[in-house]
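Structure first, commentary second.
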Amino acid sequence: MPTKLASIEEYRKLVDSYDTFLFDCDGVIWLGSELIPGVKEVISFLKSSNKNLLYVTNNSTVSRKDYVKKFEKLGLTVTENEIYGSAYATAIYLQKIVKFKAEKEVFIVGGAGIKKELELVGIKVSDKVIPPMSGTEDIKKILPDSKIGAIVCGLDLNMSYGKMAFAHINLMTNEDCLFIATNDDSSFPVENQIFPGAGSILSVLVTSTKKKPAVIGKPYQTMFDSICASHEIDLRRTLMVGDRLDTDIDFGIAAGIDTLVVYTGVTTEEEACNPKNSQATFSMGSFGELSALID
Ligand SMILES: O=C(O)[C@H](O)[C@H](O)COP(=O)(O)O
Ligand SMILES: [Mg+2]
């Protein structure tokens, strides 16, 4: 059962116990394009207290450069190397781990963030445009392309049958075609509702191909490894703050750091306290509550 933090003394002890805070974004910092109340003030307070703040998001629809602009628009100054998005992590994975062949292309089922991050590391993105389908006459025209070396799947707000069919046929006809998911979150919290997430999009291809993708985002450790490669991380003094048990909290548990679950995103207090689920170290209604510490 996570220790529920509710008093000023408990808030003070939390802040004093950690030097580095890893923040999830959707459901912790913001919902859609709205900051969660109090979070902006708390972030400024932590920065003025010389804390290291890093942002670790599974949302692959936005590149790191565009996340910097999103933070700026919300009145927060964050640099690119403080942001770890699953699109960026996927680009690094293809570049450094897979050593993706220069002559091959990636077909993306997902948002602009993936394309921008892949192109930034010199990986070619397929410009294949799939027209709307109106019947089997259209479907049968979808053929594999030997230039496609990987299918990368993330949250795609413009998902279509044609896109999925092209990704499917390349995965099924070319056993060398890599199948990669930026993340597999089942749902996605925005201002007022929770909608299907990247994992729900991904499930279409997993079902049709019966293949399992390499998943890059939280809870898997690829992003944590790249954080440790570029930042001094003392595991005993690092806290992961998230709204999802099966991504953020599991990510922290796997990394061996303390975790704080907040109820401003997808997880409810009942779910967080259910012993069948992953258990965070601490819980709070909202990270914005720490603004009570600010005079
Ligand atoms: O479906 C998704 O891609 C995720 O729900 C969403 O983007 C998660 O982002 P995070 O909470 O890791 O910032
Ligand atoms: Mg989240």
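The values are calculated or read from the model by the stated rules, or taken from the named source; none is laboratory data. No experiment lies behind these values; they were computed from the predicted model shown. Methodologically, a virtual Cβ is constructed for each residue, glycine included, from the backbone with ideal geometry; neighbour enumeration extends over all protein chains shown.
Here are the numbers for this structure:
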quantity	calculated
Selected residue [away from ligand 2 (no atom under 16 Å from the Cβ), modelled with pLDDT of 95 or more and buried (at least 18 other Cβ atoms within 10 Å of the Cβ)] from LEU54, LEU46, LEU31	LEU46
Only listed residue being among the basic types (Lys, Arg) and under 18 Å from GLY252 (Cα atoms), chosen from LYS96, LYS4, LYS40, LYS47	LYS4
Meets criteria (polar (S, T, N, Q) and near ligand 1 (Cβ under 10 Å from one of its atoms)) for SER208	no
Among the candidates GLY149, GLY197, GLY162, GLY122, residue that is touching a residue at least 24 places away in the same chain (Cβ under 8 Å) and within 27 Å of ASP250 (Cα to Cα)	GLY197
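Yes/no per residue for (1) farther than 19 Å from SER60 by Cα; (2) more than 13 Å from ligand 1 (Cβ to nearest atom); (3) assigned to a helix (DSSP H, G or I):
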{"residue": "ASP246", "(1), (2), (3)": "no, no, yes"}
{"residue": "ILE253", "(1), (2), (3)": "yes, yes, yes"}
{"residue": "PRO275", "(1), (2), (3)": "yes, yes, no"}
{"residue": "GLN279", "(1), (2), (3)": "yes, yes, no"}
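Every residue, every condition in (1) within 16 Å of ligand 2 (Cβ to nearest atom); (2) crowded, with 20+ Cβ neighbours inside 10 Å, yes or no:
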position	(1), (2)
GLY242	yes, yes
GLY256	no, no
THR268	yes, no
GLU271	yes, no
THR281	no, no
PHE287	yes, yes
LEU290	no, yes
